[in-house]
Each structure stands twice: as structure tokens, then as C-alpha cells.
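**Student:** This is the structure I want to talk about, given as C-alpha cells.
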Amino acid sequence: MSGNNVHENTPEEDTQRDKYLVFSLGSQDYGIEIQYVTEIIGIQPIAGIPDLPEYIKGIINLRGTMIPVMDVRVRFRMEPQPYHDRTCVIVINIMDEVLGLIVESVSEVLTILPGDTVPAPDITAGGGFVTRIGKTLQGVKLLLDCGRLLRDAELEISGGSRQPNE
Amino acid sequence: MPGAFPEDSLLELFIFETMQSLQQLEDSVLAGEQQDSLHPEDINLIFRIMHTIKGSAAVMGYVNISALAHVMEDLFFYLRDRPEAAYDSSDLSDLMLQGIDFIKLETVKIRSGDPADGDAAALAEELSAYLQLLKIRTETSEETDRRQHTEVQPAKEVKTGSAEPGRYRALLRFEEACQMENIRAFAVIHQLDETISCTFTYHPDDIIENPDSADVIRRDGFIIMLETAASGDSVADFLRNAPYVCELEFDKLHTAGDDVIETAVQLSGMDAERLSLADTPQDHTDRKPAGPAVRDKKSREAASPPAQQTMINVHVSKMDKLMDLIGELVIAEAMVTQNPDLAAVHGPLDNFAKAARHLRKISGEMQDVVMSLRMVPISATFHKMGRIVRDMTRKLEKEASLVIVGEETEVDKHIIEHLSDPLMHIVRNALDHGIEPPEERLAAGKPRSGTVTLEARHSGGEVIVMIRDDGKGLHRDKIIRRAAENGLLSRDERELSDREVYRLIFHPGFSTKDSISEFSGRGVGMDVVVKDLEKVGGTATIDSVPGAGSTVTLRIPLTLAIIDGMNVGVGSARFTLPTNSIVRSFKPEQQDLLTDPEGNEWIMVRGSCYPVIRLHNLTAAAVSASPVEQGILIMVEDDGRSLCLLADELLGQQQVVVKALPDYILNSAGSRPFSGCTLLGDGSISLILDIIRLTSSMNAVSGQ
């Protein structure tokens with residue numbers, strides 16, 4: 001059984017390699033590695049929870065499991081925009097941590113080969129979310145490091161919770 | 001689903017079984033030590049368990065475990081054959097417990113995926129040396145025995161009989177139409193010999209050889225005289241349930257010199273000897289006619305306890321999945337039966353209502369069944385404490401025994417897992433700080449040996465676990481002094497009630513013990529208890545009478561999965577309050593409301609003053625506060641502390657399935673006032689308020 005899995009996994013990983021889900025915030029397109037994406041759902045009623053970083057909007061019900069949702073606009077320190085029926089939630093799973101990303105719209109899945117990307121000029125300036133920049137026929141896509149999106153968020157959350165004690 | 005854990009299932013089964021066997025083993029060893037000798041049944045049990053562990057460990061390739069188990073098995077093989085062996089039960093227990101610990105440690109390693117690389121060679125050697133020693137000792141004592149031939153019997157009796165063996169007389173009558181009474185009687189004897197360790201004689205004694213004995217049995221009944229350490233009831237039960245038995249007279253004989261016994265022994269003088277030979281199997285098969293032999297086997301199957309065959313081990317993850325599904329079902333059901341579209345239907349909904357009721361009944365029952373699946377008796381957790389009491393009393397040179405009450409009380413498995421650590425800490429504390437050394441106890445006019453009582457019982461939707469010791473109790477002044485040193489006192493000490501003072505010992509970093517012992521005194525312990533309990537929604541209180549001991553009372557909810565909740569609405573947000581914490585709800589009047597200079601709100605209700613929390617402040621979008629008179633106040637109480645919550649409206653009571661908040665949220669400050677969340681009938685999310693945390697945080701505020 002485990003032997004079969006190996007054979008099944010390899011092609012699957014191959015098909016996922018260098019593929020990016022492209023979504024847009026304002027006029028800019030971003031890409032996240034497709035291997036982290038579980039599904040894309042429409043925006044749902046969000047239950048707010050107080051005392052969270054403002055970019056964590058609360059939790060939504062994903063078929064019985066509660067997942068936190070992050071407004072990526074707010075995360076990138078952009079002006080928040082009201083949600084409408086094209087607003088999407090990209091459900092990502094990074095190391096068993098499930099998170100919903102609220103984005104304005106999802107456009108397509110693109111293959112961007114490593115040769116077509118350049119490192120982001122200074123990764124510390126913008127919060128370090130954008131690690132590489134992909135050049136495609138349809139324009140420039142900022143490629144996000146999903147792990148950092150989550151890890152940094154966690155750092156800030158725990159930092160926020162630590163403050164009252166100090 | 002069946003293939004969900006394919007590669008691990010064997011390993012998991014091994015770990016599960018081994019852990020279970022080890023617990024059983026530990027219990028038997030400890031019981032044996034307490035009675036100062038091992039019961040023959042226990043020896044048998046230990047032997048069997050070691051044999052099983054040896055076998056399965058060898059199959060799984062854990063050579064070190066299997067090697068050690070082999071030596072332990074050898075030891076008990078010898079003890080089983082030679083119950084007269086003069087062993088010192090305390091030495092034996094020490095060795096056995098060391099062995100058990102080793103295997104346990106290795107099993108834990110295996111479970112966490114580490115290589116089982118422990119080396120038990122030294123221990124194995126020690127065990128076999130002990131066995132050698134036993135053999136030598138026993139043989140020499142046998143020599144002396146042989147010389148004083150006549151005294152051998154009673155001398156042996158003293159050594160082997162662990163509990164006082166009871167003598168019983170049983171008169172069996174078989175069903176009238178059963179025929180071949182002698183064969184039936186033989187079947188009974190045969191089973192008795194296999195099931196209960198006892199020595200016995202019976203009358204008539206020639207049931208196999210003499211077909212006429214059937215007539216004797218039919219006329220006079222079949223008499224068994226037996227001597228066993230097993231309880232009389234269990235023997236009587238066994239005999240009563242034996243096949244074809246329709247009548248049983250069962251008497252306990254008090255003195256060995258009873259007339260009946262003497263006649264019985266006379267009657268079957270030769271028989272006793274034959275019976276002792278009858279242990280060898282060929283003895284039975286040779287003489288048994290083919291037909292009855294088959295029936296004999298059948299009846300043995302029937303007589304074996306059915307409980308073992310009807311048990312089935314299920315992986316917890318499957319149970320959790322089932323639980324989740326039932327939760328979804330309950331929500332889905334509410335979505336259907338309370339569907340807003342129904343309001344648009346014109347005309348009566350009688351049939352729909354009827355069907356909905358039926359559905360609710362079934363889903364309710366399913367919920368109950370699934371809940372009961374998760375319930376396990378607390379006994380295993382309690383018995384683990386036996387080991388702690390033993391180890392600690394030895395090291396601390398104190399004497400104490402463990403008394404267990406209500407071990408059959410059932411608690412959700414998930415909760416039991418969280419109960420073990422707190423219990424351990426409390427028992428350790430009781431032994432270390434509570435129970436005095438024997439001399440001190442005697443001086444105080446108490447029995448030399450202390451008692452730690454573990455008691456569990458149900459009370460409403462909660463389980464109450466009490467850990468009582470009859471030690472020296474808590475010292476109020478000492479606690480206050482230590483608390484003052486650590487800056488834990490927020491109020492004048494004279495204002496504090498005893499309970500409040502005792503509660504201080506649950507504070508992190510609090511320890512009154514001056515010398516740090518191996519077991520407790522580092523100041524970690526009691527605060528861990530509270531933290532662990534909070535995880536499962538439990539609380540701890542402590543009562544104490546100086547000089548007479550202290551009692552720690554743990555209150556734990558029966559289950560975490562489903563609670564009775566009251567849904568309230570605040571703006572567009574929904575909250576759920578556990579119904580059992582609600583005292584009452586009422587419309588507030590503006591004139592009852594007070595505001596202190598810091599802006600904290602209070603309300604006067606029937607002459608008492610309660611803090612008010614506006615739930616609006618707990619919503620993310622900070623709903624603008626409406627005038628108080630338009631809202632509704634819900635008074636909640638936990639552990640004597642009350643407060644009022646202001647909401648916009650009550651939405652109704654409902655059984656809700658508790659869902660965990662995502663870890664992501666749990667790690668943040670925002671999750672503080674919430675214990676979880678749930679889905680309402682319309683699919684919206686409601687946050688479940690953690691009343692315990694709310695009330696205790698209010699107390700901290702008011703205490704300052």
C-alpha cells in the first residue's frame with residue numbers, strides 16, 4: 001500500500017511543481033504555490049473574535065471544521081475593502097495548519113518555471129511575504145511564501161498575547 | 001475506513017495490549033504485595049501475561065522486551081508449579097515492578113517512534129539469580145518437610161493460602177430429565193477444576209467408573225466439598241450456572257473439624273489422591289467416553305463468561321469521527337426542522353412535525369449511544385495511583401494505603417486522559433505533605449498507617465473526584481506566611497476565608513515544603529493540577545481540618561463533546577452559555593445599575609451587588625451598546641462567584657456540539673473568554689463562553 005503511494009505521489013508532485021494559484025489584490029497579482037491550496041470557496045459569514053490581530057477576521061465553518069480566516073489585504077497593510085460576491089476564500093493547509101485567505105478574486109493557475117523568476121529585491125522590507133517575482137506573459141506576479149504568511153502571523157499573535165503580561 | 005491505519009495496526013495493537021497487560025500486571029503484583037503473598041490465581045495471571053508479552057514482543061521483533069519477559073515468565077512458571085516456594089513478596093514485587101517499568105518504558109519509546117534500545121540484561125540476570133535462590137531455598141525447606149512428614153500439609157497451607165481459604169459444601173441437583181447424572185457431575189467437576197483454583201472432593205466418588213452412581217446422584221444429589229481462596233459467592237455462582245444444574249445448596253463451613261467434612265473425607269479418601277493426579281490431561285481423556293466429551297466442551301464454552309467475546313477494541317480516532325458525524329447530523333437535523341422556508345409554507349405542517357419529532361428522537365438516541373461509547377470507567381486511572389502510593393511510601397518511609405471508592409464511575413475517555421496527571425500530583429502531595437511519618441501518627445493518636453481515599457461519583461452532569469488523606473491537614477498560618485513571602489496576598493489575611501487560603505496552594509510557584517523531595521516541593525504540582533483540569537473544564541477545591549487531613553475535590557464535566565446551551569444574540573453575533581451555569585435571566589432596571597469610577601458596571605439584585613459584563617465588548621466589531629433596559633441580563637454562577645452578562649436577546653436553549661477553536665485562534669489572546677464554538681441551526685457560528693474563566697477573572701478584578 002505504501003509502495004503504491006510513492007508511485008502515485010511522484011507524478012502528482014510533478015504536476016504541482018512550479019504551479020501557482022494567482023489571485024489579485026487591487027491592481028497587483030500574487031501567486032501562491034498550488035501544493036498548499038486545499039480549495040477555494042466563496043465568502044461565508046464570519047464569526048468575529050475579539051482581541052485578534054486585525055487581519056484575522058474570525059472563524060468560518062468549513063463543513064463542520066472551524067478555520068480562521070485572514071484578510072490578505074489587511075495583512076499587507078492595504079486599505080480594507082468591503083466583501084462582495086466575487087470575494088473568495090483560498091483554503092490553504094501548511095503543516096496541518098488550515099487557514100482561509102480572503103482575497104478579492106482568484107484568476108488562474110499558472111506555471112512559472114524557476115528560470116522565469118527573480119528574487120525579490122529586499123525581502124525584509126515588505127514583511128518578507130514576497131520571496132520571488134515571477135515574470136509571465138500576462139505580467140508580473142509576486143510569489144508569496146505561504147509558510148511565512150502563517151509563521152509571521154503566529155509570531156505576531158503570540159507577541160500580542162505576551163504583551164499584557166509584560 | 002478499515003484500511004485507515006494499515007501499516008500501524010499491528011504495532012498499535014501490540015502497544016495497546018501490552019500497556020493494558022502491564023497495568024493488569026502491576027495491579028496483581030501490588031495486590032500480592034499488600035497481602036504479603038501472591039494468590040495462586042494471580043501467579044497464574046502473571047504467568048499468562050508474561051507469556052503473552054514475550055510472544056508478541058518476539059513477533060514484533062523487540063528482543064529486549066521478549067528476553068526480559070521470558071525470565072519473568074520462568075520465575076512465575078516456577079512459582080506456579082511450586083506454590084510452596086518461600087519467596088519474599090516485597091523483594092519479588094520490587095523485581096517485578098522494575099521489569100514492568102522497563103517494558104513500559106520500551107513500549108512508550110515504541111509508541112513515540114523511537115527505537116526500543118533499552119538494555120535489560122542486568123535486570124534479567126537479577127531475576128534469574130532470584131529464581132535460582134528461590135529454587136535452592138525451596139529445596140532445602142522441602143528436605144526438612146520430608147522429615148516431618150505429617151506436619152507438611154498444614155505448613156504448606158500457611159505458605160500457599162494467600163487469603164484465608166474458605167471451606168464450602170455444595171449440594172447439586174441436576175434437572176430431572178437430563179439423564180447420565182454422573183457424566184454431568186463429572187463435567188461440573190472438570191470445569192470447577194479448570195476455572196477456580198481449589199482443592200475438592202466429591203460424593204459419590206465413582207462417577208466415572210460406576211454408571212449406577214447416576215442413580216445415587218438423582219436420589220441424594222451430588223456433594224462437593226471444596227476449599228478455595230476464591231470468594232464463596234463466585235464459586236456458588238459458578239456452580240449455579242453450570243449446565244443442567246437446577247438446584248444448589250451452598251454452605252460455608254467454618255471449622256475444619258466439621259462433621260460433614262470428616263464423613264466426606266472418609267467417603268472419598270482415595271479420591272482426593274486421584275484428583276491431584278487428575279490435573280494431567282490424559283487422565284481425563286483416557287477415561288472419558290467420546291459423546292460426553294464433546295458436550296463437555298460445548299458446555300465449557302457456554303459457561304465461559306460471554307463478556308470477553310462481546311468486547312471489541314475500536315480505535316479512538318474512529319470514535320471521534322463518529323462523534324463528529326453525529327454532531328453534524330444534529331446540526332443538519334436542526335437545519336431541516338427549523339428551516340426558514342417552512343415559514344413560507346401555507347397550511348398545516350402536522351405531518352412534517354410528526355416526522356421531525358421522530359427524527360429528533362432517533363438522533364437523540366444515537367447521540368446518547370455514541371456518548372456512552374466514549375464513557376470508560378475511571379478504575380484504571382485510580383489503580384495507577386496504587387503504584388505511586390507504594391513507591392512513595394517506601395521512599396519517604398511512611399506507611400499509607402490506598403482506598404478506592406466508586407471506581408466504576410464512567411467518564412468520557414478524553415477527560416480521563418486529562419485526569420491522570422492531576423490525580424498523580426494530588427496523591428503525591430497528599431503523601432508527601434499530608435501523611436505524617438508513622439511515629440508522628442502514633443503520637444497524634446492515629447493509626448500507624450495513613451489512608452489515602454480516592455472516590456468518584458456522578459453528580460448531575462459532573463463527575464466528582466475526591467482525594468482524601470487522613471494526614472496532618474493544611475496549615476493556614478504557614479500558607480499565609482509563604483503566600484506573603486511570595487507576594488501572593490492581595491488582601492488582608494484576616495479577610496480570607498479558609499477556602500480562599502487553601503486555594504492559594506494552587507497558585508503557580510507555591511510550595512510550603514521546606515525541603516525539596518524527589519516527589520514534590522519544587523513548587524510545581526498543584527498549579528499544574530488546576531491548569532490540567534481547566535483544559536477539560538474542571539475545577540478543584542480543597543478543604544482541610546488541621547490534624548485530621550485534607551480533601552481535594554475535583555469537579556469535572558461528564559463530557560466535553562455536547563453541552564446544554566442557551567444561545568443569546570448580541571447584535572449579529574451569537575454566544576452560547578452552558579445552561580448549567582445560568583442562575584436566572586431578567587430585564588434590568590436602569591436605577592439598579594451602578595458604575596464605579598473606573599467605569600466598571602454593577603447591578604443590585606435583591607440586595608446583592610454583581611458585576612456586569614456587556615457581551616457587546618466581546619464581539620469583534622464592538623457593537624454599539626444599546627440602553628441597558630432593552631437588553632436582558634443573564635446571571636451566571638461558578639463556584640460561588642456570580643456575575644451578570646448583558647445580551648440583546650435570548651434565542652433559546654439547545655443541545656450544542658462543542659467544536660474546538662482552531663489552534664491558530666487558541667494561541668491568541670482573543671480566545672480567552674471562549675471555551676469553544678458551535679454551529680447553530682442556521683449554520684452560523686456561535687462562540688461558547690467560558691463561564692469559569694469569566695467569573696474567575698472578575699474575581700481577580702474585584703479582589704484588587
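The values are calculated or read from the model by the stated rules, or taken from the named source; none is laboratory data. Computed from a prediction, not measured in an experiment: that's the story for all the values here. FYI the Cβ positions are ideal-geometry reconstructions off the backbone, even for glycines, and counts take in every protein chain you see.
**Student:** Scanning for something part of a helix (DSSP H, G or I), among the acidic types (Asp, Glu) and at pLDDT below 80, does the stretch B:328-337 turn up at least one residue?
**Tutor:** Start the filter on the stretch B:328-337 by keeping residues that are part of a helix (DSSP H, G or I), which leaves B:328-337.
Adding the requirement that they be among the acidic types (Asp, Glu) leaves B:328, B:333.
Checking the rest, the ones that are also at pLDDT below 80 come to B:328.
There is at least one residue in the stretch B:328-337 that is part of a helix (DSSP H, G or I), among the acidic types (Asp, Glu) and at pLDDT below 80.
**Student:** Tell me which residues, restricted to the stretch A:110-122, are within 14 Å of A:GLY139 (Cα to Cα) and not in a loop (DSSP other than H, G, I, E, B). Before you say what the answer is, go through the steps one by one.
**Tutor:** Residues of the stretch A:110-122 within 14 Å of A:GLY139 (Cα to Cα): A:110-112, A:116-118.
Listed by number, the residues that qualify are A:LEU110, A:THR111, A:ASP116, A:THR117, A:VAL118.
**Student:** For the stretch A:56-63, check the following and say yes or no: at least one residue is away from chain B (no Cβ under 14 Å), outside any helix (DSSP H, G or I), crowded, with 17+ Cβ neighbours inside 10 Å and at pLDDT 80 or above.
**Tutor:** Of the stretch A:56-63, the ones away from chain B (no Cβ under 14 Å) are none.
Looking through the stretch A:56-63, none of the residues is away from chain B (no Cβ under 14 Å), outside any helix (DSSP H, G or I), crowded, with 17+ Cβ neighbours inside 10 Å and at pLDDT 80 or above.
**Student:** Are there any pairs, at least 6 apart or on different chains, whose C-beta atoms fall under 7 Å, with the first in the stretch B:411-426 and closer than 23 Å to B:ILE562 by Cα and of a type in the set (S, T, N, Q) and the second modelled with pLDDT of 80 or more and in a helix (DSSP H, G or I), and if so, which?
**Tutor:** Matching pairs, first to second residue: B:SER420/B:THR381; B:SER420/B:LYS384.
**Student:** For the stretch B:111-137, enumerate the residues that are more than 16 Å from B:LEU68 (Cα to Cα) and of a type in the set (A, V, I, L, M, F, W, C).
**Tutor:** Passing the criteria: B:LEU133, B:LEU134, B:ILE136.
**Student:** Could you tell me which of the residues A:LEU142, A:LEU150, A:LEU155 is within 14 Å of chain B (Cβ to nearest Cβ) and either surrounded by 13 or more Cβ atoms within 10 Å (Cβ to Cβ) or at pLDDT 85 or above (or both)?
**Tutor:** On the way: A:LEU142 fails: within 14 Å of chain B (Cβ to nearest Cβ); A:LEU155 fails: either surrounded by 13 or more Cβ atoms within 10 Å (Cβ to Cβ) or at pLDDT 85 or above (or both).
Testing whether each residue is within 14 Å of chain B (Cβ to nearest Cβ) and either surrounded by 13 or more Cβ atoms within 10 Å (Cβ to Cβ) or at pLDDT 85 or above (or both) leaves just A:LEU150.
**Student:** With in contact with a Phe, Trp or Tyr (Cβ under 6 Å, 6 or more places away or on another chain) and buried (at least 17 other Cβ atoms within 10 Å of the Cβ) as the only criterion, which of B:ILE582, B:ILE603 stands out? Reasoning before the result, please.
**Tutor:** Numbers: B:ILE582 fails: in contact with a Phe, Trp or Tyr (Cβ under 6 Å, 6 or more places away or on another chain).
Every option except B:ILE603 fails the conditions.
**Student:** Can I ask one more? Can you say whether B:GLY99 is more than 16 Å from B:ILE43 (Cβ to Cβ) and small (Gly, Ala, Ser), as far as the supplied structure shows?
**Tutor:** Numbers: more than 16 Å from B:ILE43 (Cβ to Cβ): no; small (Gly, Ala, Ser): yes.
Against the criterion (more than 16 Å from B:ILE43 (Cβ to Cβ) and small (Gly, Ala, Ser)), B:GLY99 does not qualify.
**Student:** Would you be able to tell me the number of residues in the stretch B:452-461 that are surrounded by 18 or more Cβ atoms within 10 Å (Cβ to Cβ) and of a type outside the set (A, V, I, L, M)?
**Tutor:** Going through the stretch B:452-461, the residues surrounded by 18 or more Cβ atoms within 10 Å (Cβ to Cβ) turn out to be B:452, B:454-456.
In the following step, the residues that additionally are of a type outside the set (A, V, I, L, M) were identified as B:455.
So the count comes out to 1.
**Student:** In addition: Restricting attention to the stretch B:675-689, and to residues there that are at pLDDT 75 or above and facing chain A (nearest Cβ under 7 Å), which single residue is surrounded by the fewest Cβ atoms within 10 Å (Cβ to Cβ)? Write out each step before concluding.
**Tutor:** Filtering the stretch B:675-689 for residues at pLDDT 75 or above gives B:675-680, B:684-689.
If we keep only those that are facing chain A (nearest Cβ under 7 Å) too, we end up with B:677, B:679, B:684-685, B:687.
Details: B:CYS677: 25, B:LEU679: 23, B:SER684: 17, B:ILE685: 23, B:LEU687: 27.
Filtering first and then ranking leaves B:SER684.
**Student:** With respect to A:GLY48, determine if the residue is in contact (Cβ under 8 Å) with a residue 24 or more places away in the chain and over 26 Å from B:ASP320 (Cβ atoms).
**Tutor:** Values: in contact (Cβ under 8 Å) with a residue 24 or more places away in the chain: no; over 26 Å from B:ASP320 (Cβ atoms): yes.
So A:GLY48 fails the test.
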